[in-house]
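Some notes on the structure that comes next.
FYI, it's all coordinate maths here, none of it is from the lab. Keep in mind that this is a model prediction, so the values were computed, not measured. Counting neighbours? That spans all protein chains shown, and the Cβs are built from the backbone with ideal geometry, glycine included.
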Amino acid sequence: MREYVGRGPLAEIIAQADEAEREARRLERGREREQLEQDRELDQLFLAYSAGVDELLRSALEAAGYHQHKRGEWRRRREQETARLD
């Protein structure tokens, strides 16, 4: 919104102050965009790290004889008894 403040030294000072305020807001928006981009990059890095840890844990548990019951808790596999033929 523009407001006419006339002309002369006071009007010039007001115009400069308005311009400085617009520039400050523009710089702040730029900093906010940079911060958002950094946050997105950190989120992606964390998701990749988390997926790697999950896969490592899954592999270690499966190697130790566990399975995931109905996509929930991990349980030790029961040993299958071999049938005896007497």
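Checking every one of the GluC sites (Glu not before Pro) in segment 27-79 against DSSP loop status and a limit of 11 other Cβ atoms within 10 Å picks out 73, 79.
Tell me, which longest segment in the chain has none of the trypsin sites (Lys or Arg not before Pro) that fall in DSSP loops with at most 16 further Cβ atoms within 10 Å?
Values: sites that count: 2, 7, 77, 78, 84.
It works out to 8-76.
Between the beta carbons of residue 28 and residue 79, assuming R0 = 41 Å, the FRET efficiency works out to 0.05 to the nearest 0.05. Helix 9-63 and the longest principal axis of the C-alpha atoms of the chain enclose an angle of approximately 0°. When percent of Cα pairs over 18 Å apart is computed from the coordinates, the matching label among (1) 37; (2) 73; (3) 47 is (2).
Between the alpha-carbon centres of segment 59-76 and segment 35-50 there is a gap of 29 Å.
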